[in-house]
Structures are given as C-alpha cells and as structure tokens.
Amino acid sequence: MTSDSNLHHAAVERATAPAWQDDVRQGVRHARDLASLPLSPGERAAAQGAAANHKVRIPKAYLDLIDWNDPADPIRAQVIPLPEELVEQDGELGDPIADQGFSPVPRLTHRHADRVLLFPTYQCAVYCRFCFRKESLTAIGRGYTREALEPALAYIAGHPEIREVILTGGDPLSLPDKALAEIRARIEAIAHVRLLRIHTRVPVALPSRITSGLIEALQGRLMVTVVTHFNHAREITPATETACRMLRQAGFVLLNQSVLLKGVNDTVEVLEELCRELMYRLGVKPYYLHHGDLARGMAHRRTTIAQGQALAEALRARLSGICNPVYVLDLPEGGGKVPLGPCYVEAREGESWRLRGLDGEVRGYREVVGE
Ligand SMILES: *Cc1c(COP(=O)(O)O)cnc(C)c1O
Ligand code: SF4
C-alpha cells in the first residue's frame, strides 16, 4: 500500500468514525471534567472525594438530558456526585448482594443453579452514583482480557446445570465488538448453555453504541436477552428508541430493570409513565423494580420498603400485566431476589380465603379441588 492510500484509508475511517466515540469524548470522562458544568457548591465540593470512591463518567448523550435549572433533576441525581455519598450509615455494606461469597472462580458468581453472572469487565459507559457494585468496580477496576475469563469459562463448561450466562459487570456493552464476539463464541461453544443475557446501561446512557457491528457480535446460536436499566421516562429519547428498535429487530428479547430511587422515581406517576413508555415506545418489558440495596453512602436515595410496597400496589392497579414490573429486594448474604409484594391474601381458613381485589375490596374465595 502506498502512503497515499494509507492516508485515504485513514480519512475514510475518520469520516466514518462511529458517533458513539464522540459521545464518549465530549462527555464527562474524569471528575475534573465536572468543573466545566454548572454545579451547585455542594456538588462541586463532593466531586473529588466521591470520585475516589466511585469513578465519574457521563457520555454526552446522557449529560445533555440534564435540566440544569432544576437542582432536583432526576438525570442529574443519577450521575452527578453529592456530598451525601461520603456519609456511611450503620448497616450499609460494601458487597450488598454478596457477589463475592458466591464466586467459586474470579469474574463469576454462581448463586442459582441454572444461571451465572459473568464479569467480562469492571468498567462502565456511565457510572451511576447509586451503583450496588460500586466498591467492587473501584477495587477491581479492570477491563477485559481473554485470559482473565478462562477460569470462569472452564467453570461454566464443567457445570451442566448452567443454562443462562449473564454478562454483567461493569457494563459488557462498554467492550469492543471484537471482544463481545469472542466472548459470545466461547459461551455458545458450551453445549448446555441455552441463553445469553446482557445486563447493560448502554442503551440508556450511550445509545449510539448500539451499532450493526455490535449486534452482529452478539448473534449466534444462543437466545439473547438484553436487560436494560432505565429509571425515568426522561431517559427515553429518539436515540434510545433507535437503539432498542435495532436490538428488537435483531431478534433479542428486551427487558428492563429499574432501581427505586428517592428523588428520582419514587412517585407512582413517574413509575407509571416509565413503565408505559418502556413497553409502548421501546418494546422493553418492565422486569424488576429493585428496592434500593444497602450500598454504602446511598441512604439519601433509599425509600422505605413500605413506600415501595405502596408504589408497587398502585402500579399493579394501574398498569397492564405486561407493563408491570415485580418489586424485589436482593437479600444481603445471597438470599436472592425476593418479591416484596403487594400481597392480596388477607386471611385463610382451610379452603376459604379472604382476598383483596385490585379495587381494594376484600372478597371470599373457596377452593374447589377434585380428589
Ligand atoms: C440477579 C441475579 C441473577 C438473575 O436473577 P433473575 O431473577 O433470573 O433475573 C442470577 N444470579 C445472581 C447471582 C444474581 O444476583
Ligand atoms: S452501569 Fe450498572 S454496574 Fe455500571 S455504575 Fe451503573 S449500575 Fe453500576
């Protein structure tokens, strides 16, 4: 190749440089980039200290959603550090759902027989201030290398009861296409694995990263489910709509998990709109609504369980079944995700039950079962 054609090649590459790279470059990449934003004095004071605990990163597409005139903006609350993050309460935990306790080999958590969490990277496209895994992200911090996953892949191959492999992290979609294709190929070569799940905030925070190349990297033998993480209807934009349409058209099943966050989505109106827009506009089925876990420095974002139950009950009455998420608590010490209600059983005596309807009225129900 002549140097001319090299230049030409480089120019073509520049012209077609993927849009997501600009989104990353023009966003907040380090705590020091926060200085150029119209922060409050408290946010400004918190920036360095909070970043030492949990990195700061906000792609431009997500940053642009912030209404800076609103100090309580729900997008801002998710990504801009606050002094409260540095206040630790009794009972908070470094590893709130015991990922470490159930990790037989590095980069893998196996708590339920049929599925494992696989951590190809501990880096994310956006760092959410409320992240339940923030301490392991900060402590481990590492990205993907092929070698680092070998023990985890060997473990999966040696455990035929595993049917679902869940790529999480960190954010698996922060990896290059090539790495994703490699990981997918290695997993699908294990005959007993049926489904590949990808837990990601990329369709929310960096939707331009959902490209045909990325989708191709994930397509193969396995059923693919992409579990997104939208917390507010304001995160649903034309760009996220395009990203989700591409993923759906590729044949992937789309689900969403939200975290219940005080000051972000702790009203029935906000949750109702979020769940409807997810299903009706994005074709993403609301899967879980997580009660805020016990990550350190997050007391200011947690609701009580009673508040969460009241919200879940109101949603059940207002939303269709497909729009309705299950309200769960991921138990510390690895008890798994348990539904917290609502519960409609008021009383029972033998085969006579007292059940509360969605209209609030309690009715009797008698079981009739053949011999
Ligand atoms: C959340 C989680 C899963 C997935 O649970 P589902 O209820 O199937 O979504 C699997 N393993 C671990 C360790 C988890 O924390
Ligand atoms: S994208 Fe997920 S893993 Fe990453 S900081 Fe946000 S919540 Fe945590």
Most positive-pole-ward Cα, GLY169, SER103, ALA113, against dipole of region 100-339 from beta carbon charges: GLY169
Using a Gaussian network for the chain with springs between C-alpha atoms less than 10 Å apart, which of these wobbles most: TYR327, TYR155, TYR344? TYR344
Work out how much length ARG146 to PHE102 would gain on full extension: take 0.36 nm times their residue separation and subtract the Cα-Cα distance, in nm to one decimal. 13.6 nm
Taking K and R as +1 and D and E as -1, what net charge do the other residues with C-beta under 15 Å from the C-beta of LEU340 add up to? -1
Given unit charges at Cβ for Lys, Arg (+) and Asp, Glu (-), the dipole magnitude of the chain about its Cα centre in debye, nearest 20, is 640
Picking from TYR280, PRO342, TYR365, whose Cα lies most toward the positive end of the charge dipole for the chain (charges on Cβ: Lys, Arg +1; Asp, Glu -1)? TYR280
With GLY283 itself left out, Lys, Arg at +1 and Asp, Glu at -1 over residues whose Cβ is under 10 Å from its Cβ give +3
Projected onto the charge dipole of the chain (unit charges on the beta-carbon of Lys, Arg, Asp and Glu, signs +1, +1, -1, -1), the Cα from ALA50, ALA317, PRO83 with the largest positive-side position is that of ALA50
Report, in whole Å, the centroid distance computed from the Cα atoms of region 133-155 and region 272-289. 31
Could you work out which residue, out of ALA139, ALA185, ALA314, moves most in a Gaussian network model of the chain, that is, has the largest mean-square fluctuation with Cα springs under 10 Å? ALA139
Taking 7 Å along the Cα-to-C-beta vector as the label spot, tell me the GLN249-ALA191 distance in nanometres, rounded to one decimal. 3.7
For region 100-339, what is the relative contact order in percent, using Cα pairs closer than 8 Å and at least 6 residues apart in sequence? 15
Please give the net charge around CYS323, taking every other residue with its beta carbon less than 10 angstrom from that of CYS323, where Lys and Arg add +1 and Asp and Glu add -1. +1
Provide the FRET efficiency to the nearest 0.05 for the GLU269-SER320 pair, computing r from the beta carbons and using R0 = 22 Å. 0.85
CD proxy at 222 nm, helix term only [per DSSP H run n ≥ 4: -39500 (n - 2.57); per residue of the chain; nearest 500]: -8500 deg cm²/dmol
Whole-percent carbon and sulfur contribution to the accessible surface of the chain (1.4 Å, no ligands, DNA or RNA) stands at 54
Determine the distance separating the Cα centre of region 225-257 from the Cα centre of region 337-354; give it in Å without decimals. 34
Report ³J(HN,Hα) in whole Hz for each residue of region 297-305, in order, from the Karplus equation J = 6.51 cos²θ - 1.76 cosθ + 1.60 where θ = phi - 60°; Gly and Pro get x. x, 10, 4, 5, 9, 8, 9, 7, 5
Sequence-distant lysines (8 or more away, or on other chains) whose Cα lies within less than 29 Å of LYS337: LYS55, LYS134, LYS262, LYS285
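The values are calculated or read from the model by the stated rules, or taken from the named source; none is laboratory data. Note that the structure is predicted; figures quoted are calculated from it, not measured. Don't worry about glycine lacking a Cβ; one is built from the backbone with ideal geometry, like all the others, and counts go over all protein chains shown. Surface accessibility is based on the protein's heavy atoms, side chains included, excluding ligands, DNA and RNA. Shrake-Rupley method; radii C 1.70, N 1.55, O 1.52, S 1.80 Å.
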